[in-house]
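No value in this document is a laboratory result; all are computed from the given coordinates. Quick caveat, the model's predicted, so the values are computed rather than measured. Reconstructed Cβ throughout: ideal geometry from the backbone, glycine too, with neighbour counts over all protein chains shown.
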Amino acid sequence: MSRLCRGLDEQVAVFRERPLEGAYPYLWLDAKVERVREAGGVRHKALVIAYGVHHSGRREVVGIDVGEAETESFWRAFLRSLRARGLDGVQLVVSDAHAGLAAAIAKVFGCPWQRCTVHFLRDMLGHVARAQQPLVSGAIRGIFTAGSAAEARARLGQVADQLAVHAPKVARLLEDAEADLLAFYAFPAEHWSKLRSTNPLERVNREVGRRSDVVGIFPNDAALLRLAGMLLLEQNDEWLVGRRYLSETSMALVLANAAHDHERSTSSPRHDRLVIHRRSPATPPNAT
């Protein structure tokens with residue numbers, strides 16, 4: 001049994017530490033609390049899984065780890081480990097509102113964060129009476145089916161105004177989360193349904209959860225990583241040989257837009273310096 005476990009651990013280690021090549025414009029993060037036995041008792045730990053879409057349009061499991069708690073320092077260390085293995089070109093990170101995650105994404109990747117709209121809606125329904133839930137649910141869902149970012153912002157404003165009287169807390173939370181909830185609109189329309197939530201990964205997550213629920217309490221971190229790692233390794237192989245998750249054409253558009261944005265951001269400062277250099281010393285600063 002010990003030889004079998006060592007063999008599985010080696011496979012999982014190779015999978016977890018493999019180099020990541022190319023750009024991964026989209027990254028999904030998910031965390032599940034599991035019970036692990038340690039000296040002195042049983043502790044709750046976070047099983048963290050990172051999924052990415054490669055520039056070729058194929059999905060991959062790019063990272064997996066076990067941590068003590070979901071804090072900014074925990075997330076920052078995990079994301080930096082992905083970067084150290086070569087994860088690059090991330091333009092959007094999709095996840096639930098895990099503690100400290102948004103700040104860690106900004107520091108490590110400097111890209112927008114898309115808050116899962118499904119989990120946000122569930123959270124909002126917990127702030128209203130049961131009789132109000134159908135109305136609130138329908139109003140918020142309608143925001144995310146808008147045909148453009150401008151229309152979505154307008155709908156969000158209207159919904160917030162409607163809820164301000166009967167559900168002021170929901171109205172306030174909705175307005176505060178606007179940028180994080182509508183970040184997916186900056187990308188191709190054919191990607192929107194996949195980017196606005198973590199739902200595309202639910203089947204895989206349920207399978208991991210189903211197996212871990214059978215175990216109940218893991219004897220150590222290695223046992224948890226062994227079980228989850230082998231399941232995710234098999235899933236990753238299926239994704240690599242299956243159909244593309246997103247078309248190559250649409251992914252090429254994402255990369256082209258990113259290159260254009262980078263070129264514009266790097267050329268603007270040079271243009272400003274050029275204007276200043278050509279300005280006559282006698283010209284007042286406001287003359288330009």
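With respect to the chain, whose longest principal axis is taken over its alpha-carbon atoms, helix 149-166 is tilted by about 80°.
Taking 0.36 nm per residue of sequence separation and removing the Cα-Cα distance, the residue 223/residue 39 pair yields an extension gain of 64.7 nm. Spin-label model, residue 69 to residue 259: label points 7 Å out along the Cα-to-beta-carbon direction sit 4.5 nm apart.
This model, with +1 at the C-beta of Lys and Arg and -1 at the C-beta of Asp and Glu, gives the range 27-78 a dipole about its Cα centre of some 160 debye. Within the listed set 157, 57, 41, the residue fluctuating most in the Gaussian network model of the chain (springs between alpha-carbon atoms under 10 angstrom) is 41. Look at the dipole of the chain built from charges on Cβ: of 24, 152, 8, the Cα furthest out on the positive end belongs to 152.
The count of lysine pairs in the chain with alpha-carbon distances below 26 Å, taking only pairs 8 or more places apart or on different chains, stands at 5.
Remark: relative contact order (the chain) = 22 percent; criterion is Cα-Cα distance under 8 angstrom and separation of 6 or more residues. For the chain, the longest principal axis of the alpha carbon atoms and the long axis of helix 221-241 meet at an angle near 60°. Label-to-label distance for residue 202 and residue 149 is 2.7 nm, based on points extended 7 Å past Cα in the beta-carbon direction.
Magnitude of the charge dipole for the chain, about its Cα centre and with charges confined to Cβ atoms of Lys, Arg (+1) and Asp, Glu (-1), is about 140 debye. For the chain, the longest principal axis of the C-alpha atoms and the axis of helix 248-278 are separated by about 40°.
If a paramagnetic tag sat 7 Å from the Cα of residue 32 along the Cα-Cβ line, which residues of the range 80-104 would have the backbone N under 19 Å from that point? Answer for the range 80-104: 94-99. For the range 146-188, the relative contact order works out to 41 percent when only alpha carbon pairs closer than 8 Å and six or more residues apart are counted.
Could you work out [θ]222 nm for the chain from helices alone, using -39500 (n - 2.57) per DSSP H run of at least four and dividing by all its residues? Round to the nearest 500 deg cm²/dmol.
Calculated at 222 nm, the ellipticity per residue is -17500 deg cm²/dmol.
Shape analysis of the range 23-132 based on the Cα gyration tensor places the equivalent ellipsoid semi-axes at 24, 22, 12 Å, largest first. About the centre of its Cα atoms, the range 55-149 shows a dipole size close to 220 debye [charges on the beta carbon of Lys, Arg (+1) and Asp, Glu (-1) only; nearest 20 debye]. One equal scatterer on each Cα of the chain, no solvent, Debye formula: the resulting log10 I(q)/I(0) at q = 0.10, 0.11, 0.15 Å⁻¹ is -0.65, -0.76, -1.21.
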